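Inspection log for the structure reproduced underneath, given as structure tokens.
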Amino acid sequence: MTDVLFTLLLILLYTLQSVLCKLFSNHYPGREDLSSPIYTIVSGISVALITFAVSGFQFSAQPMTLLLVVVNALALITFNTSLIKASAEGPFSAVIVFQVAGGVIIPTFVTTVFFGTPITPVKILGIIVLIASVYLISRKPGESFKNKKKYFLFCFLLAIANGVYGSLTEIQQRLTGEAESQEMVILSYALAAVISMGILWKQEKKDVFSAFKQNKKSLLLLIACCAVVATAINAYVMILPLISNKAVLYSFDNSGVFMLSTLFSFIFFKEKLTKANLLGCLVLCAALACISLF
């Protein structure tokens, strides 16, 4: 019961993060392609500072944590970039499938193969059905490709980045202990912000500071995004050791956020749901039941 409550809390936090990020992107006054690096920079600095305060302004990291931080930061930047690039080149439905698949399969594989966490055949079947249901929910009529090679390349990178990002927190806690989990968050988000700033500076040069200009609505949304991201990641690192079955956590967290975000889009953004989308929601619920019960 405790596992379920903790997982539901994470789903709510990450869904709110997804919705706020979408709203910020919609209301960002600058060029559309600049919203992602601006979000990464501002949220990265904010999360690092907030987490440093939560840790009591104490910091101590082993070399292994520092190494994992570099990989984590690169995964975070790759995720944000690939999501935008893949969405621009083809159907968003398959983009979401790759995202969820990477976020479920890779961390589950890591914990099963390298750390001996058991997973039953029914859970494996449930994960396969889960990914199929995600496609049904996200599929929309009239979708087309611009460049298939670029599209599937960025989709593949998105899946890898989401899976790696989801795995590294647990890997770090198992290798160096839970005591350095906040250092992992601080350094990962700070490094992601620094790298993104370097890329933005090289791209925009003298106009780099104009990219940070906001209107009142986008500024409020950006502040809200930063607060929710900081809360979500700190809750994740604290809750992760308390969850006994990680496969259930990864499956529920990724698919739960996706399904709840779909519901929010239907209610607040007036996005229509087809019969296939509704069927996918039912199949997803059945898949999650199999994963959690068997």
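Contact map, the range 18-38: residues that are farther than 11 Å from Leu200 by Cβ paired with residues that are open to solvent by 50 Å² or more (accessible area, probe 1.4 Å) and among the aromatic types (Phe, Trp, Tyr), Cβ distance under 7 Å, separation 6+ or inter-chain. Pairs shown: Val19/Phe264. Screening Gly256 against (1) surrounded by 14 or more Cβ atoms within 10 Å (Cβ to Cβ); (2) outside any helix (DSSP H, G or I) leaves a single unmet condition, (2). With the structure loaded, tell me whether Phe109 is surrounded by fewer than 16 Cβ atoms within 10 Å (Cβ to Cβ) and either outside any helix (DSSP H, G or I) or on the phi < 0 side of the Ramachandran plot (or both) or whether it fails that test. So Phe109 fits the description; yes. Scan the range 151-165 and give yes if some residue there is closer than 16 Å to Leu249 by Cβ, among the β-branched types (Val, Ile, Thr) and crowded, with 19+ Cβ neighbours inside 10 Å, otherwise no. Scanning the range 151-165 turns up no residue that is closer than 16 Å to Leu249 by Cβ, among the β-branched types (Val, Ile, Thr) and crowded, with 19+ Cβ neighbours inside 10 Å.
Of the candidates Leu249, Leu200, Leu191, Leu240, the single residue that is open to solvent by 10 Å² or more (accessible area, probe 1.4 Å) and either closer than 30 Å to Val110 by Cβ or of a type outside the set (S, T, N, Q) (or both) is Leu191. In the set Ala227, Ala232, only one residue is at pLDDT 85 or above, in contact with a helix residue (DSSP H, G or I) (Cβ under 9 Å, 6 or more places away or on another chain) and either within 27 Å of Pro91 (Cβ to Cβ) or open to solvent by 40 Å² or more (accessible area, probe 1.4 Å) (or both); that residue is Ala227.
Taking the stated definitions as given, is Lys146 in contact with a Lys or Arg (Cβ under 9 Å, 6 or more places away or on another chain), among the basic types (Lys, Arg) and either open to solvent by 40 Å² or more (accessible area, probe 1.4 Å) or at pLDDT 80 or above (or both)? Against the criterion (in contact with a Lys or Arg (Cβ under 9 Å, 6 or more places away or on another chain), among the basic types (Lys, Arg) and either open to solvent by 40 Å² or more (accessible area, probe 1.4 Å) or at pLDDT 80 or above (or both)), Lys146 does not qualify.
Scanning the range 52-88 for residues that are farther than 15 Å from Ala192 by Cα, within 20 Å of the chain's Cα centre (by Cα) and touching a residue at least 60 places away in the same chain (Cβ under 8 Å) returns Leu83, Lys85, Ala86. Only a single criterion out of (1) closer than 28 Å to Pro241 by Cβ; (2) outside any loop (DSSP other than H, G, I, E, B) is not satisfied by Phe115, namely (2).
The values are calculated or read from the model by the stated rules, or taken from the named source; none is laboratory data. Bear in mind the structure is a predicted one, so any value in this text is a computation, not a measurement. A quick note on method: Cβ atoms are made from the backbone with ideal geometry, for glycine too, and the neighbour counts reach across all protein chains shown. The protein model used for the area step is the full one, side chains on, heavy atoms only, and it has no ligands, DNA or RNA in it. Shrake-Rupley method; radii C 1.70, N 1.55, O 1.52, S 1.80 Å.
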